[in-house]
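Worksheet: one structure, shown below.
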Amino acid sequence: MTPMTTLALGPQWLDPDYLIGEFGLYGVLAIVFAESGLLIGFFLPGDSLLFTTGLLVTAGTLDKPLWLVCLLVVLAAVLGDQAGYLFGRKVGPSLFKRPDSKIFKQENVEKAHEFFEKYGPKSLVLARFVPVIRTFTPIIAGVVRMNYRSFLIFNIIGGTLWGAGVTLLGAALGNVAFVKTNIEAMLVAIVLISVVPIAIEFLRARSKAKKAPPVSGGGPEDGRPPAQRGRHAKR
């Protein structure tokens, strides 16, 4: 078997090949969980990590059944979003008042909130394929107190499509010679492809906004924090 090597897409500790080699499947699950809903996980390489995981399972480097890997990844993703939702419910509007730090940026929270407001419950599925946004969206869902049953349904759908889907994609392409010799390029392509659905939705929304007549009266800013203005908040 030809050994597979990758160039780190950034620091070595963010390189999927390095992370899997050092921490194995448990490390993958921990990273998926953290990136799915913990504030500290937004910078972690979720898409490229899952793709590489599937690829290494096919290559035999990661000696685990593919079905088990997919099942555990989906479970970690769903539980990660669950943790983010519960955190958002507990923290509430104070999250929007938190000062910036080296790790936390208020801009990321605002972007996730706008994303959630624009796409509603389906944002939990779409956000899975967008780095950074996928970390903050379940938290925002908790902040605006989205109906829990709806959250759970879309959380499971999104976690399954992303967690199993990207892993299976890596496994399916694992035996392709071009992929083996151009892994870094493939990882970059995965990240770029993941934002295509969002770009399409953005262009559609922008087109509709241009065609819509201007709204008279006061704007959406009414003095309340975004969490209290969320149209998907629980009544």
Plugging the Cβ-Cβ distance of LYS210 and GLU114 into 1/(1 + (r/R0)^6) at R0 = 30 Å yields, to the nearest 0.05, a FRET efficiency of 0.95
Express in nm, to one decimal, how much length is gained between LEU203 and ILE153 on full extension, taking 0.36 nm for each residue of separation and deducting their alpha carbon distance.
15.3 nm
Using a 1.4 Å probe on the protein heavy atoms only, what accessible surface does ASP47 show? Give it in Å² to the nearest 10.
10 Å²
Extension gain ASN182-TYR26, at 0.36 nm per residue separation less the Cα-Cα distance, in nm?
53.6 nm
Highest-first arrangement of 157-170, 136-149, where packing means the average Cβ count within 10 Å:
136-149, 157-170
Peptides 116-122, 29-35: what's the order by average Cβ count within 10 Å, highest mean first?
29-35, 116-122
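The values are calculated or read from the model by the stated rules, or taken from the named source; none is laboratory data. Keep in mind that what you see is a predicted model, and the values were worked out from it rather than measured. Neighbour counts are summed over all protein chains in view; Cβ atoms, including those assigned to glycine, are modelled from backbone coordinates with ideal geometry. To get the accessible areas, we keep the full protein, side chains included, count just its heavy atoms, and leave off ligands, DNA and RNA. Shrake-Rupley method; radii C 1.70, N 1.55, O 1.52, S 1.80 Å.
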